[in-house]
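Novice: Sharing a structure, written as structure tokens. Questions coming.
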2 protein chains.
Amino acid sequence: MASIKDVAAEAGVSVATVSRVLNDHPSVSADARARVLAAVDALGYRPNAVARSLRTDQTRTLGLVISDVLNPYFTELARSVEEEARALGYSVVIGNADERPDLQDHHVRTLLDRRIDGLLVSPTDGGSPLMLDAARAGTPMVFVDRWIPGVDVPVVRADGRSAVRDLVAHLHGLGHRRLAIIAGPAATTTGSERVEAFRDALRAYGLPLPDAYIGQGDFQAASGRRVTEEFLDLAEPPEVVFAADNLMALGALDAVRARGLRVPDDIALAAFDDIPWFVHTDPPVTAIAQPTPELGRAAVRAVVDRIEGRPPRSVTLAATLVVRRSCGEPPGPPGPQDPYTPHTPHPDDTQRSTP
Amino acid sequence: MASIKDVAAEAGVSVATVSRVLNDHPSVSADARARVLAAVDALGYRPNAVARSLRTDQTRTLGLVISDVLNPYFTELARSVEEEARALGYSVVIGNADERPDLQDHHVRTLLDRRIDGLLVSPTDGGSPLMLDAARAGTPMVFVDRWIPGVDVPVVRADGRSAVRDLVAHLHGLGHRRLAIIAGPAATTTGSERVEAFRDALRAYGLPLPDAYIGQGDFQAASGRRVTEEFLDLAEPPEVVFAADNLMALGALDAVRARGLRVPDDIALAAFDDIPWFVHTDPPVTAIAQPTPELGRAAVRAVVDRIEGRPPRSVTLAATLVVRRSCGEPPGPPGPQDPYTPHTPHPDDTQRSTP
DNA sequence: CAGGTTCGTGTAATCGATTCCACAAGGAGG
DNA sequence: CCTCCTTGTGGAATCGATTACACGAACCTG
């Protein structure tokens, strides 16, 4: 592969001049510039980003460590992150933690070794020493979706409290009184916050949230299945199951179906994180939708601000309730036909109905 | 951030010795080794991968350019690729082409600039000069899923011909005679091959595949919706729509629902690429399943073979038909309950029923 | 027209590693 | 006791870029 020396030789100039042309430094004569450009073209030269990074101490790369690639929520997040980063001249390297702290650590370490300019993390746990040290040492870092309390790192996330209240109001209005939740790991903020929000919302209606109605999941489908089975085995099973993420909702759907029961007739279901597929499940699933693409964009802008010396800001956006049929028919005259929400995976084309 | 010089100073040895310890070169005294290790620990030193790559001319990184991150098929592929790569000591950098040749080109260029050791591509089109040049220039490269004919690059893919024959047999057995297909872009192999396989299978049953029953899609949901609407507007609409990928099937489902029609009563639906969600759609969708995790692993092994000087092999695995309810009840006494297939996104735990 | 800018260019240092080569010390063998 | 090896170590070149600095030529300006 041709190097800058080859180009210099071909163009009959020094490497300094070639470099100047490439970085369009002003003081290069038109003649030299033309010769260099011709040489670049002739040799098919492309600057070696590795060498450049070593010298300039910047890689123009962002690391993104997400909790689970198979979760459409994170996939959508990754997509918007890459999009915004590209617009700002950065590349993104994605690390998939699969909800495993050890894998998360592996990826953080690898990314740090590669000297990425900034790090976006959706932490799977309370944070390893490695990550906390990096934060303290001044690595530009931003938490997305989930965060670690007590660490001085900006957070970009959606606040679901009001949407959870809307959900509970909706459920209460449909006559449900025994509501259960499949929680995420307590070590994650989204794991504990969603339970808290749910409990608070129930309290407003004078409803209890007994321990038996709090199932411990891990944001993966299998745990949703297991917890739902436990709920169904209860002497007094809940009337509604609220899954703290979409994969556990999928698992819940599995479990219900495996028993030969029907949603919402035998048991109602709702989920945190809306995804395109929820429109097409049987029945369509009522969910709390996050402004995922906006979160991704805001997160990128925050790290890049930090990288480029501007003060980064934490961002909190609102989540909204999307009512579908999985909790029962809404009150009022039921229409003959379900409201149709066009699905497309492109953010510029996505529409969502709010209650 | 501490460099190798700092470690050398701290340990009272030369940088050469530090390097030797780090790469466990045999000729280092136990004493020196201990002092270096202690210094590494004390300083929290981590070798700079950028500098190392510059010197050794290898990044231990693989590039993966996929057609669409929002497509669960590619997400699953990416996951297995990263897993296998990690097991072999490589990192993976994913580029999402979003089915856009220009974006694909952007990512290939960026990855090449970063001097990745090998490239895995699922081409969105016939291949840009950039990519073809790279292949010719000897960049270790492997095509996954889709490929570009006439280029000397190993291909790792699934052969769907026999599964498509099984599908057509199934449809024919259910009494369907007017079968239509939503094709992918003709520029992609999976776009054209699936149509060919379908046409051949139909021929075996003496069924025609009129041009009106070949809709041109682009592997995205919106095109599935559009093509399905066109089918439904035909004087004689098809009885079955076969979508060449899962997103277009989703679009088809949208379109059918928007007309107030039912699957499979009014029109049957089948898809290429099985995904967990198809179990839970209304109705569950009959699909052709690829051995996606195996494809990912085989692809990684192929590039790594190439990188490490072993001859890489092309791999073709078989796809299988998974019958569900979207084409009508299978003949014979219909069971009261759907067969239950547990869903989990983890490959080690996935089960699939074959007809 | 002398002195000061400005402009274009090249030389060489530098980033943080790896690795070739030289060399010193010590042990083995004659 | 003098070679010859082996072993452990350090100096310095190198990878491919960027960039500070020096320098010569041309151009003003008073």
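Values in this text are rule-based calculations from the coordinates and carry no lab data. What you see is a predicted model; the values in this text were computed from it and never measured. Cβ: placed from backbone, ideal geometry, glycine included. Neighbour counts: every protein chain shown.
Novice: Springs between alpha-carbon atoms under 10 Å, Gaussian network over chain B: tell me which of B:Y213, B:Y45, B:Y205 tops the mean-square fluctuations.
Specialist: Answer for the Gaussian network model of chain B: B:Y45.
Novice: Whole-Å semi-axes of the range B:4-47's equivalent ellipsoid, largest first, each the root of 5 times a Cα gyration tensor eigenvalue? Before the final figure, lay out the partial values.
Specialist: Working: eigenvalues 41, 20, 17 Å².
They are 14, 10, 9 Å, listed largest first.
Novice: Largest first and to the nearest Å, give the Cα extent of the range B:259-335 along each principal axis.
Specialist: Principal extents (largest minus smallest coordinate, Cα): 57, 30, 17 Å.
Novice: For the range A:161-289, what is the convex hull volume of its Cα atoms per residue in Å³?
Specialist: Numbers: hull volume 12.0 nm³, N = 129.
Spread over its residues, the Cα hull of the range A:161-289 gives 93 Å³ apiece.
Novice: Given points 7 Å out from each Cα along the Cα-Cβ axis, report the A:R262 to B:R161 separation in nanometres with one decimal.
Specialist: Between A:R262 and B:R161, the label points sit 4.6 nm apart.
Novice: With viscosity set to 1.567 mPa s at 4 °C, what whole-number translational diffusion coefficient in µm²/s follows for the range A:47-123 from Stokes-Einstein and a Kirkwood radius over Cα pairs? Don't skip to the answer; put the middle values down first.
Specialist: Values: Rh = 12.9 Å.
Roughly 101 µm²/s, to the nearest whole number.
Novice: Mind checking the log10 I(q)/I(0) for the protein assembly as shown at q = 0.10 Å⁻¹? Debye, one equal scatterer per Cα, no solvent, two decimals.
Specialist: -1.03
Novice: Now for a separate question. Measure out, as a whole number of angstrom, how far apart the alpha-carbon centroids of the range A:81-112 and the range B:1-65 sit.
Specialist: Using only Cα atoms to place each centre, the spacing works out to 24 Å.
Novice: Here is a further query. As an exercise, take the mean of 1/r over every pair of distinct alpha carbons in the range B:80-152, invert it, and state the Kirkwood radius in angstroms. If you can, show how the numbers build up before the last one.
Specialist: Values: mean 1/r = 0.0788 Å⁻¹.
Radius from the Kirkwood sum: 12.7 Å.
Novice: Grab the beta carbon distance between A:S14 and B:R55, set R0 = 25 Å, and tell me the FRET efficiency rounded to 0.05. Display every interim value, and only then the final one.
Specialist: Values: r = 24 Å, r/R0 = 0.94.
Result of the calculation: an efficiency of 0.60.
Novice: A follow-up question, please. Roughly how compact is chain B, stated as its Cα Rg over 2.2 N^0.38 Å to two decimals? Let's see the in-between values first.
Specialist: Numbers: Rg = 25.3 Å, N = 355, 2.2 N^0.38 = 20.5 Å.
Normalised Cα radius of gyration, chain B: 1.23.
Novice: Less than 13 Å from a label point 7 Å out along the Cα-to-Cβ axis of A:L130: which backbone N atoms in the range A:42-84 qualify, by residue?
Specialist: A:65
Novice: Can you list the residues of the range B:42-56 with backbone N under 16 Å from a point 7 Å past the Cα of B:A2, pointing along Cα to Cβ?
Specialist: Taking a point 7 Å out along Cα→Cβ of B:A2, the residues of the range B:42-56 whose backbone N falls under 16 Å are B:42-49.
Novice: For a bin width of 10 Å, list the pair-distance distribution of the range A:202-263 built from all Cα-Cα distances, rounded to whole %.
Specialist: Spelled out bin by bin, the range A:202-263 gives 23, 53, 23, 1 percent.
Novice: Using a label position 7 Å from Cα in the Cα→Cβ direction, what is the ascending list of nm distances from B:T56 to the same site in the other copies?
Specialist: 2.5
Novice: Also, I was wondering about something else. Report the residue, chosen from B:A137, B:A249, B:A197, that carries the largest GNM mean-square fluctuation when chain B is represented by alpha-carbon nodes joined by springs under 10 Å.
Specialist: In the Gaussian network model the winner is B:A137.
Novice: Can you give the convex hull volume of the alpha carbon atoms of the range A:123-185 per residue, in Å³?
Specialist: Details: hull volume 5.8 nm³, N = 63.
Considering the Cα atoms of the range A:123-185, their hull volume per residue is 93 Å³.
Novice: Under 10 Å, Cα contacts only: if you run a Gaussian network model on chain A, which one of A:H172, A:H280, A:H106 comes out with the highest mean-square fluctuation?
Specialist: So, out of A:H172, A:H280, A:H106, the one fluctuating most is A:H280.
Novice: Give, rounded to the nearest 20 debye, the magnitude of the charge dipole that chain B has about its Cα centre when Lys and Arg contribute +1 at Cβ and Asp and Glu contribute -1 at Cβ.
Specialist: Numbers: 37 positive and 47 negative charges, 191 e Å.
That gives chain B a dipole magnitude of about 920 debye.
Novice: Within 10 Å, count the other beta carbons around each residue, average over each peptide in B:26-39, B:61-74, and list them highest first.
Specialist: B:61-74, B:26-39
Novice: Using the 7 Å Cα-to-Cβ label point, sort the distances from A:G12 to its equivalents in the other copies shortest first and give them in nm to one decimal.
Specialist: Here the equivalent label points are 5.9 nm apart from this one.
Novice: Another question, then. Mind checking which chain A residue has its Cβ closest to the axis relating A to B, and how many whole Å off it is?
Specialist: A:D282, 2
Novice: How many nanometers, to one decimal and shortest first, lie between the label point of B:P129 and those of its other copies, if labels sit 7 Å from Cα toward Cβ?
Specialist: Once sorted, the set of distances for B:P129 reads 5.5 nm.
Novice: Would you mind giving the average projected area, over all directions, of the Cα convex hull of the range A:1-141 in nm² with one decimal?
Specialist: Taking the Cα atoms of the range A:1-141, their convex hull projects to 10.4 nm² on average.
Novice: Rank A:A302, A:P149, A:T188 by how far each Cα sits towards the positive end of the charge dipole of chain A (+1 on Lys, Arg Cβ; -1 on Asp, Glu Cβ) and give me just the farthest.
Specialist: A:A302
Novice: Hey, for a label at A:A87 modelled as a point 7 Å past Cα toward Cβ, could you say which residues of the range B:61-105 have their backbone N under 19 Å away?
Specialist: Residues B:69-70, B:96-100, B:102-104 fall inside that zone.
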